[in-house]
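Peer 1: Shown below is the structure under consideration.
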Amino acid sequence: MSLFDRQKWDAKYAAEDVPREPSAVLQGLAPLLPMKGKALDIAGGAGRNAIWLAQRGLNVTIADVSPRGLEIASERAKEAAVRITPLPADLEKGPFPAGPWDLILSVCYLWRPLFAIYPQVLAPGGLLVVIQPTKKNLDRHPKPPAGFLLNDGELPGLVSGLEILHYAEGWQADGRHDAVVVARKSG
């Protein structure tokens, strides 16, 4: 990401009351998710999902390009009496945070080259959870723009090499047309 992108996200987090509640879609996946181990929330912003994972018992690292987003996440984690590890990271320029990870979570962040990295940094038996809007989302919402959206049916092909435990695509609980996958590394 460029300096402009970093500044854009910092300004967004400074100006808006960013959501505190975790993704409803993520919460619906709770029975499939681990309750312990190391989790990585990529592009986790202000920490709404990272904090929820930490409350479930996971040791969570949140990686994001925005120092302001990570600052908010740390403040909110402290308020929630949980610990998260903020990691300033430009995931598009690398390096990717070293694993092994028992859970990698990606909500509304699409950088296709990362899908080749995920299997390498997941622990044996580790899970990849992706919740990402598709182009059909534009039927009801102007954002995110098409360049940040999956093609219909694209997500299963991106997680090749991992066993798909759950896949759904459609209008989800968060109000977006999302593709949702939970995939496991053999172990």
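The values are calculated or read from the model by the stated rules, or taken from the named source; none is laboratory data. Computed from a prediction, not measured in an experiment: that's the story for all the values here. Quick reminder, even Gly has a Cβ in these numbers, built from the backbone with ideal geometry, and neighbours come from all protein chains shown.
Peer 1: Name the residues in the stretch 161-177 that are in contact (Cβ under 8 Å) with a residue 40 or more places away in the chain, at negative phi and out of contact with any Phe, Trp or Tyr (no Cβ under 8 Å at 6 or more places or on another chain), would you? Can you show your working first?
Peer 2: Filtering the stretch 161-177 down to residues in contact (Cβ under 8 Å) with a residue 40 or more places away in the chain leaves 161-162, 165-166, 172-174, 176-177.
Now drop any that are not at negative phi, which leaves 162, 165-166, 172-174, 176-177.
Of everything in the stretch 161-177, those that are in contact (Cβ under 8 Å) with a residue 40 or more places away in the chain, at negative phi and out of contact with any Phe, Trp or Tyr (no Cβ under 8 Å at 6 or more places or on another chain) turn out to be 165, 166, 172, 173, 174, 176.
Peer 1: Being among the small types (Gly, Ala, Ser), part of a helix (DSSP H, G or I), farther than 19 Å from residue 24 by Cβ and more than 15 Å from the chain's Cα centre (by Cα) is the requirement here; does residue 123 meet it?
Peer 2: Working: among the small types (Gly, Ala, Ser): yes; part of a helix (DSSP H, G or I): no; farther than 19 Å from residue 24 by Cβ: yes; more than 15 Å from the chain's Cα centre (by Cα): yes.
No; evaluated as a whole, the condition is false for this residue.
Peer 1: Kindly indicate which of 131, 164, 117 is aliphatic (A, V, I, L, M), surrounded by fewer than 19 Cβ atoms within 10 Å (Cβ to Cβ) and part of a strand (DSSP E or B).
Peer 2: 164
Peer 1: Please go through the stretch 26-70 and give me each residue that is touching a residue at least 24 places away in the same chain (Cβ under 8 Å), buried (at least 19 other Cβ atoms within 10 Å of the Cβ), in contact with a strand residue (DSSP E or B) (Cβ under 6 Å, 6 or more places away or on another chain) and assigned to a helix (DSSP H, G or I), ordered by number.
Peer 2: Residues satisfying the conditions are 49, 50, 53, 54.
Peer 1: For the stretch 152-177, what are the residues that are at pLDDT 95 or above and touching a Ser or Thr at 6+ places or on another chain (Cβ under 7 Å)? Show your work before the answer.
Peer 2: Of all residues in the stretch 152-177, those at pLDDT 95 or above come to 153-159, 162-171, 177.
Result: 163, 169, 177.
Peer 1: What's the number of the only condition in (1) modelled with pLDDT under 95; (2) within 21 Å of residue 180 (Cβ to Cβ) that residue 35 fails to meet?
Peer 2: The single condition residue 35 does not satisfy is (1).
Peer 1: If you take the residues in the stretch 134-144 that are out of contact with any strand residue (DSSP E or B) (no Cβ under 6 Å at 6 or more places or on another chain) and outside any loop (DSSP other than H, G, I, E, B), which one is farthest from residue 40 (Cα to Cα)?
Peer 2: 139
Peer 1: Give just the number: which of (1) at pLDDT 95 or above; (2) in contact with a Ser or Thr (Cβ under 7 Å, 6 or more places away or on another chain) does residue 114 not satisfy?
Peer 2: Looking at each condition in turn, residue 114 falls short on (2).
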